[in-house]
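Have a look at the structure below before the remarks.
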2 protein chains.
Amino acid sequence: MDDTTEPRSRAQRRADTERRLTHDVDLWVASSSADGAPYLVPLSFDWDGEALLLATPADSPTGRNLAANPTVRLGLGDTRDVCMIDGDVDILEIDALARDQGDRFAARAGFDPRALTTPYRWFRIVPRRIQAWREVDELPDRELMRGGRWLVEQMETR
Amino acid sequence: MDDTTEPRSRAQRRADTERRLTHDVDLWVASSSADGAPYLVPLSFDWDGEALLLATPADSPTGRNLAANPTVRLGLGDTRDVCMIDGDVDILEIDALARDQGDRFAARAGFDPRALTTPYRWFRIVPRRIQAWREVDELPDRELMRGGRWLVEQMETR
């Protein structure tokens, strides 16, 4: 815990969140089965500025859960520097995504789900709500997006 | 990705998992609401060798979810060095835990849920299943515990 820093502004947290969305490779994916059992697994992702893109086997627990219950909560970052993202999931068959988007995912994730024998699907997640906090002192102002809209302007690019 | 290392043995993974259970402070907690919405949040924990202990407000999303649906999936470690723990949850009122166990939790977590005005509860989780892996090459042999029983002996203490 770094007690020397002030809580970040919401604008700073948005910038930090967008940096992670742009540069991180993995996040935690929480889903629920048709009968309500929680599931959690780390997966690689891509971000195009509007939506996150995941790929996992259609027949994996996450693949089955999201087909039955297309809502997801994502944890990006570390337990003491988190971005929590709630979103709704669109499922695409593996050949239904534009090729350049698939190429981009493969370059970032380090694997190409289109090239595997196990049947994969794409899971496209548009964030509905985003929160970000580091320690308890950042719990106020942790909400950055609500109803799919950012609550703060993007910071000036320097 | 460290391509120079071999996949760990199950015994090594058990030792690494027990080290994290003993020394880490936070983990990711996935739960499901009564109507099946996934939830995920990082929380601090303690481990007594048999069960994990969490504390969160009774009226928080995780507190309400676990009261309605007392099953949990925990992610311990990083996305490229994970221990996944499935377990069933016993809920204890905040004054129902032995004092030394509460003291131990407070020392490790850095906060004492018994001293707060917000009503907290304890959530005691006995692992039913534990898996551990780093990269794709460790997906085989990732299961370390099934049905509440370790599948490998504890390594010799050196």
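The values are calculated or read from the model by the stated rules, or taken from the named source; none is laboratory data. In this text the structure is predicted, and so the values were computed from the model without any measurement. Note: ideal-geometry Cβ built from the backbone for every residue, glycine included; neighbour counts use all protein chains shown. Please note that ligands, DNA and RNA were not included when accessible areas were found on the heavy atoms of the full protein model with its side chains. Shrake-Rupley method; radii C 1.70, N 1.55, O 1.52, S 1.80 Å.
Table for the structure above
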quantity	calculated
Some residue of the range B:68-77 being more than 10 Å from every other protein chain (Cβ to nearest Cβ), open to solvent by 10 Å² or more (accessible area, probe 1.4 Å) and either at negative phi or not in a strand (DSSP E or B) (or both)	yes
Matching residues in the range B:28-50 - criterion: being touching a residue at least 24 places away in the same chain (Cβ under 8 Å), more than 7 Å from chain A (Cβ to nearest Cβ) and part of a strand (DSSP E or B)	B:Val29, B:Ser44, B:Asp46, B:Trp47
Test result for B:Val126, aliphatic (A, V, I, L, M), more than 22 Å from A:Val29 (Cβ to Cβ) and in contact with a Lys or Arg (Cβ under 7 Å, 6 or more places away or on another chain)	no
Condition met for B:Thr56 (out of contact with any His (no Cβ under 9 Å at 6 or more places or on another chain) and at the interface with another protein chain (Cβ under 10 Å from one of its Cβ atoms))	no
Test: residue in the range A:31-43 that is open to solvent by 50 Å² or more (accessible area, probe 1.4 Å), under 12 Å from the mean Cα position of the chain (by Cα) and farther than 24 Å from A:Asp141 by Cβ	no
B:Arg20, sole failed condition from (1) within 13 Å of chain A (Cβ to nearest Cβ); (2) without any contact (Cβ under 8 Å) to a residue 12 or more places away in the chain; (3) in a helix (DSSP H, G or I)	(2)
Of residues in the range A:78-113 being in a loop (DSSP other than H, G, I, E, B) and in contact with a Pro (Cβ under 7 Å, 6 or more places away or on another chain), the one farthest from A:Pro140 (Cα to Cα)	A:Ile94
Lone unmet requirement of (1) more than 9 Å from chain A (Cβ to nearest Cβ); (2) open to solvent by less than 30 Å² (accessible area, probe 1.4 Å); (3) under 21 Å from A:Ser31 (Cβ atoms) for B:Pro61	(2)
Failed condition for B:Thr22, given (1) open to solvent by 50 Å² or more (accessible area, probe 1.4 Å); (2) β-branched (Val, Ile, Thr); (3) more than 21 Å from B:Arg142 (Cβ to Cβ)	(3)
Subset tally (residues that are in contact with a helix residue (DSSP H, G or I) (Cβ under 9 Å, 6 or more places away or on another chain) and charged (D, E, K, R)) for the range A:36-77	2
Which listed residue, of A:Arg124, A:Arg128, A:Arg108, is open to solvent by 10 Å² or more (accessible area, probe 1.4 Å) and farther than 16 Å from A:Phe45 by Cβ	A:Arg128
B:Arg14 away from every other protein chain (no Cβ under 13 Å), in contact with an Asp or Glu (Cβ under 9 Å, 6 or more places away or on another chain), open to solvent by less than 30 Å² (accessible area, probe 1.4 Å) and basic (Lys, Arg)	yes
Of all residues making up the range B:78-91, the number that are surrounded by 16 or more Cβ atoms within 10 Å (Cβ to Cβ) and free of Cβ contacts under 8 Å to residues at least 40 places away in the same chain	2
Filter result (touching a strand residue (DSSP E or B) at 6+ places or on another chain (Cβ under 6 Å) and open to solvent by less than 60 Å² (accessible area, probe 1.4 Å)) within the range A:140-158	A:Glu143, A:Leu144, A:Met145, A:Gly148
Residue among A:Asp141, A:Asp112 that is on the phi > 0 side of the Ramachandran plot and in contact with a helix residue (DSSP H, G or I) (Cβ under 8 Å, 6 or more places away or on another chain)	A:Asp141
